[in-house]
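**Student:** Below are the structure tokens for one structure; questions will follow.
The values are calculated or read from the model by the stated rules, or taken from the named source; none is laboratory data. None of these values were measured; they are calculated from a predicted model. Backbone-built Cβ (ideal geometry, glycine too); neighbour counts: all protein chains shown. The accessibility values were calculated without ligands, DNA or RNA, using every heavy atom of the protein model including side chains. Shrake-Rupley method; radii C 1.70, N 1.55, O 1.52, S 1.80 Å.
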Amino acid sequence: MRTSTDAGADTAVRYRAFAEVEARGLSACYEAWAAGVADDPEVIARIDRLPPATRQPNLVFSAARFHGAPTGGYGAFRAWLTANWAAVEQTCRSHATQTNEPGRCAALLPALGGVRGPLALIEVGASAGLCLLPDRYSYRYGPAGASAAGGAGAAGRLDPLDGPSPVLLDCAVTGAVPVPSRLPLVVWRAGIDLNPLDVAEPADVAWLDALIWPEHDDRRARLRAAVQIARRDPPRLVRGDLNERVEALVAEAPAHATVVVFHTAVLAYLDDAGRDRFAATMGRLHRERAVHWLANEGRTVVPGVAETLPVTLPVASGSADFVVSLDGRALALAQPHGRALHWLGERSG
Ligand SMILES: C[S@@+](CC[C@H](N)C(=O)[O-])C[C@H]1O[C@@H](n2cnc3c(N)ncnc32)[C@H](O)[C@@H]1O
């Protein structure tokens, strides 16, 4: 029989691993907080009163920052958390981690450019729908290691038809990334989410803001700019499970458009049966209705995609890299927030 002490040990291990593996090098604040929690039985005991799925560091820390926890060392955080635990607990119970990262459009764009338009985009697991607007952002693809300002030549710069966007996505590329010469023509778009967030709702935007790690100020600025763009013409989002809703949405897309169903950082939320069901649906929609399936997910998350990866991957690629796949075949490795893209094959034209 498992005891509460076992649960506390599990939680401590989880927070220690988060500090040492996930946060190290990316957030000194979260590394300090997670390491502090791992060694703090009193705080662990509070966290262990939450349902198991809501004990994860990302959710607890985001909830704390949503309510104003001071960033910095563990001592000040602990004092704040102890005084404000009731609010943090309530937010952990009512909210989920659903980071919306428009930077991921930079990983999707070269694959989208290979699909004949005009396009009807359907994003499953859309959060607030900011990745549904790839035609409203500017892009700068440049060689890895080049500075953001001077890296890409004119050939790697893309802007919307009406001029440069306030959201400029820099992406360091390696391999023969087929950067398109223009942004895709998107004539219709819609998203599905279990809990769609509303760009017009300040509390939803504040939650998206809190989900971004403390030191990632560039991502925070990008989120705010993308929200402003989305507010001018918000994408349609339907509430529900992607497996239940995707076919009906495909049926609504205009007949003259090529439908691309895509997702980024979503399938990890599904169990194996849910992933298999979705892959089978996409395979059938591809065969029967020429729907394309574009995924940007962890290496082993999309059924069948890992088997299409080359045996030898670039030395620099990390196991945290996402795999961009089109219709079940791996095309590229992507940094999880779209900051870098490595194309796996030859340029197809
Ligand atoms: C990490 S967020 C990613 C959001 C967005 N795709 C991006 O990359 O910025 C994952 C989203 O998937 C949604 N989600 C998870 N499981 C889902 C399901 N079965 N059906 C629909 N949406 C789901 C969550 O609610 C959340 O908004």
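**Student:** Between Arg24 and Asp271, how high is the FRET efficiency from 1/(1 + (r/R0)^6) when r is the Cβ-Cβ distance and R₀ = 35 Å? Nearest 0.05.
**Tutor:** 0.75
**Student:** Under 5 Å between amide H atoms, partner at least 5 residues away or on a different chain: which partners does Val323 have, H built in plane at 1.01 Å?
**Tutor:** Counting only residues 5 or more places away or on other chains, the set is Glu297, Gly298, Arg299, Ala334.
**Student:** With every protein chain present, what is the per residue accessible area of the stretch 4-94 (1.4 Å probe, Å²)?
**Tutor:** Here the residues of the stretch 4-94 average 45 Å² of exposed surface.
**Student:** If Lys and Arg each add +1 and Asp and Glu each add -1, what is the summed charge of the other residues whose beta carbon sits under 13 Å from the beta carbon of His216?
**Tutor:** With Lys, Arg at +1 and Asp, Glu at -1, the net is +1.
**Student:** Next question, about the same structure. With a 1.4 Å probe and every protein chain kept in, tell me what percent of the accessible surface of the stretch 196-349 is carbon plus sulfur.
**Tutor:** Carbon and sulfur atoms account for 52 percent of the accessible area of the stretch 196-349.
**Student:** Here is a follow-up. Using the heavy atoms of the protein chains alone and a 1.4 angstrom probe, what is the accessible area of the stretch 102-343 per residue in square angstrom?
**Tutor:** Here the per-residue accessible area is 42 Å².
**Student:** Okay, next question. If you fit an axis through the alpha-carbon atoms of helix 74-83 and take the longest principal axis of the Cα set of the chain, what angle between them do you get, 0 to 90°, nearest 10?
**Tutor:** Result, in degrees: 80.
**Student:** How much length would be gained if the chain were fully extended between Ala9 and Asn58, taking 0.36 nm per residue of separation minus their Cα-Cα distance, in nm to one decimal?
**Tutor:** 15.8 nm
**Student:** In degrees between 0 and 90, to the nearest 10, how far off the longest principal axis of the chain does helix 28-38 point, with axes built from Cα atoms?
**Tutor:** 50 degrees
**Student:** Now a separate question. For Arg157, enumerate residues with amide H under 5 Å from its amide H, sequence gap 5+ or separate chain, H modeled in the peptide plane.
**Tutor:** Tyr141
**Student:** Non-local amide H neighbours of Asp170 (under 5 Å, H modeled in plane, Pro and chain starts lacking H): which ones?
**Tutor:** For Asp170, the qualifying residues are Arg140.
**Student:** Determine the calculated [θ] at 222 nm for the chain from helices alone, applying -39500 (n - 2.57) to every DSSP H run no shorter than 4 residues and normalising by the residue count; nearest 500 deg cm²/dmol.
**Tutor:** Per the formula, -11000 deg cm²/dmol.
**Student:** Moving to a separate point now. Explain nothing, just the number: dipole magnitude of the chain about its Cα centre with +1 on each Lys and Arg Cβ and -1 on each Asp and Glu Cβ, in debye rounded to the nearest 20.
**Tutor:** It comes to approximately 580 debye.
**Student:** How would the stretch 102-343 be classified by its alpha-carbon gyration tensor: rounded, prolate or oblate, with rounded meaning a/c under 1.5 and the a/b versus b/c comparison settling the rest?
**Tutor:** Rounded.
**Student:** Okay, next question. What is the gain in length, in nm to one decimal, between Arg16 and Arg287 on full extension, counting 0.36 nm per residue of separation less the C-alpha to C-alpha distance?
**Tutor:** Difference between extended and current length: 92.9 nm.
**Student:** On C-alpha positions alone, give me the angle between the axis of helix 57-66 and the longest principal axis of the chain, in degrees, nearest 10.
**Tutor:** Tilt relative to the chain: about 80 degrees.
**Student:** Quick one: how many Å² of Leu331 are accessible to a 1.4 Å probe, rounded to 10?
**Tutor:** Using a 1.4 Å probe on the heavy atoms, I get roughly 40 Å².
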